[in-house]
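Contents: one structure, followed by commentary.
The values are calculated or read from the model by the stated rules, or taken from the named source; none is laboratory data. Every value quoted in this text rests on a predicted model; they were computed, and no experiment measured them. Cβ coordinates were reconstructed from backbone atoms using ideal geometry, including for glycine residues, and neighbour counts include every protein chain displayed.
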Amino acid sequence: MSEVEGVSVRRPGSSRAGGWPPDMTPNVSIREIGGAETFKALRNEWNELVEADPSATVFQTWEIQYHMWRFFEDGVRPVLLVIRDADGTLIGLAPFGSSTTRIGGLGVQVLGFLAPRFVDYADVIIRATSAPRAIDAIIDWLDTNLSRWDVVRFGPLREDSHLWRLREELALRLGVKLTTELAETSFSLRFEPGWTRYADGLKPKRAKVLRHETKTLLSLDRGAYEAVRGPAEIDGALTHLFDFHQRRMGERGERGAFPDPKVREEFRALVQALSAQGRARVHVIRSGAGILAASCTFIFRGVWSFYQTGFDPAHAKLSPGTVSRALRIDEAIREGATECDFLRGDEAYKIRASNAERRLHVIDLRTRSWRRRPYDAWRWLRSQLSTSGAARALYRRLRPKKVRPELLAD
């Protein structure tokens, strides 16, 4: 894979009225990286930059970006923008990815983030003390390179993300039409002052039912809830999580998140790495008969992100998913967390358990490529698949058999 390096030197005042502050040199270098080994070598600097970005979430960490991309290694090429100050300090990173969407015999080049299907909150990473220069470098790079792609879409973006806040400046500076879409909503539970347990935020009747469900499940043949420690124990718990999840999805006729060994291997590596940093925790509910439920939670800056939960379908009537969630919320409150984030998706349990929501957006830089029109038609066709038999028939006719559907960028 190729690497491209260049230097962008901006004229004072070229990006913002009033010019650059006197103590801020505009000279920065920006390097485009497309190789896996160089990606790996950035790990320590990358995570240090995440700590220096107040807007960053756990999903901007190197571990999540690298391992989530690995799920798509055969279809998405990294386009990592590495931005350094004049003294070599890393001041910005843009974890972009390039892919090809096949529409019949037509190849459409798409630029977006590395793995938007698995990364719940995407964004660039910016050092707070150098934000204007890093942002300018990214916009300049887009201005120079936009014509390399037919479609440029970035998301899912929270409304407090850098790119979402910059959307108007992007359109103005790049001279292109920019459209936005409300892609999804995520739901979360933000803890109120004085809460000592999850039940403090529930109505009395619901709190009573939850206590009964918890007592019933944990009284089942010496039942216990615990966080597993150590690599071997974590691997064992994840094996149960994968199996429970896939069985549950299979009952619904869905593919599930962990259908093949490669995905499981990368997710194990991700969880082990984050666990060693205190940024991931795996919990189980076990009884004398074995593990009844397993879950994986990411932990970052006081926010517990409930990424995945699985439970034995044979014990579904005992509400193991609900009990597992409630026990993790209690644990988060005890440890001083501020929020439990249930992440993307409008599942009923997330809505019932939440008291806040975030809107997630996609921004689309409308390039002048003629391939935009068939791409837009293709996306419209995909949106009709769930309701139109004729649309599904046309989709099957046009889609090449060798193209994995999940590689078709949204």
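Restricted to strands (runs of 3 or more DSSP E) entirely inside the range 22-121, those with at least 1 residues that are free of Cβ contacts under 8 Å to residues at least 40 places away in the same chain and in contact with a strand residue (DSSP E or B) (Cβ under 7 Å, 6 or more places away or on another chain) are 90-103, 106-113. Considering the range 14-57, and only residues there that are within 15 Å of I139 (Cα to Cα) and at pLDDT below 50, the residue that is surrounded by the most Cβ atoms within 10 Å (Cβ to Cβ) turns out to be S15. Annotation note: Cβ proximity below 6 Å between a residue of the range 280-303 that is at pLDDT 95 or above and a residue that is surrounded by fewer than 19 Cβ atoms within 10 Å (Cβ to Cβ) and among the acidic types (D, E) (sequence gap 6+ or interchain) occurs for V303/E339.
Scan the range 286-301 and tell me whether some residue there is in contact with a Gly (Cβ under 6 Å, 6 or more places away or on another chain), surrounded by 19 or more Cβ atoms within 10 Å (Cβ to Cβ) and under 19 Å from M249 (Cβ atoms). Yes, some residue in the range 286-301 is in contact with a Gly (Cβ under 6 Å, 6 or more places away or on another chain), surrounded by 19 or more Cβ atoms within 10 Å (Cβ to Cβ) and under 19 Å from M249 (Cβ atoms). Being within 28 Å of H67 (Cα to Cα) and modelled with pLDDT of 95 or more is a property that does not hold for V119. Could you pull out the residue among V110, V76, V119, V124 that is over 18 Å from the mean Cα position of the chain (by Cα) and aliphatic (A, V, I, L, M)? Of the residues listed, the single one that is over 18 Å from the mean Cα position of the chain (by Cα) and aliphatic (A, V, I, L, M) is V110. Out of the residues in the range 175-214 that are among the β-branched types (V, I, T) and more than 22 Å from the chain's Cα centre (by Cα), state the one that is surrounded by the fewest Cβ atoms within 10 Å (Cβ to Cβ). Applying the filter and picking the extreme gives T196. Looking across the range 219-272 at every residue that is farther than 12 Å from I291 by Cα and of a type in the set (V, I, T), the one that is surrounded by the fewest Cβ atoms within 10 Å (Cβ to Cβ) is identified as V263. Just one of (1) touching a Lys or Arg at 6+ places or on another chain (Cβ under 7 Å); (2) within 22 Å of W69 (Cβ to Cβ); (3) without any contact (Cβ under 8 Å) to a residue 60 or more places away in the chain fails for V124. It is (1). Scanning the range 102-118 for residues that are of a type in the set (V, I, T) and either closer than 16 Å to G34 by Cα or surrounded by 22 or more Cβ atoms within 10 Å (Cβ to Cβ) (or both) yields a count of 1.
For L172, the conditions (1) surrounded by fewer than 17 Cβ atoms within 10 Å (Cβ to Cβ); (2) under 30 Å from I135 (Cβ atoms); (3) in contact (Cβ under 8 Å) with a residue 12 or more places away in the chain all hold with the exception of (3). Going by what's in this entry, would V362 be described as within 25 Å of R117 (Cα to Cα), surrounded by fewer than 20 Cβ atoms within 10 Å (Cβ to Cβ), hydrophobic (A, V, I, L, M, F, W, C) and modelled with pLDDT of 95 or more? So V362 does not fit the description; no.
Condition check for F187 on (1) modelled with pLDDT of 95 or more; (2) out of contact with any Phe, Trp or Tyr (no Cβ under 6 Å at 6 or more places or on another chain); (3) closer than 30 Å to E266 by Cβ: one failure, at (2).
Among the residues making up the range 188-220, those that are hydrophobic (A, V, I, L, M, F, W, C) and assigned to a helix (DSSP H, G or I) are A199, A207, V209, L210, L217, L218. When A273, A232, A227 are screened for being in contact with a strand residue (DSSP E or B) (Cβ under 7 Å, 6 or more places away or on another chain) and aliphatic (A, V, I, L, M), only A227 passes. In the range 211-235, the residues that are in contact (Cβ under 8 Å) with a residue 24 or more places away in the chain and more than 23 Å from P261 (Cα to Cα) form Cβ pairs under 6 Å with partners that are aliphatic (A, V, I, L, M) and part of a loop (DSSP other than H, G, I, E, B), at six or more places apart or across chains, as follows: D221/A289. All of L142, L163, L172 fail the test of being part of a helix (DSSP H, G or I), out of contact with any Lys or Arg (no Cβ under 6 Å at 6 or more places or on another chain) and modelled with pLDDT under 95, apart from L172.
Filtering the range 333-384 to residues that are out of contact with any Phe, Trp or Tyr (no Cβ under 6 Å at 6 or more places or on another chain) and among the basic types (K, R) leaves R334, R344, R352, R358, R359, R366, R368, R371, R372, R373, R379, R382.
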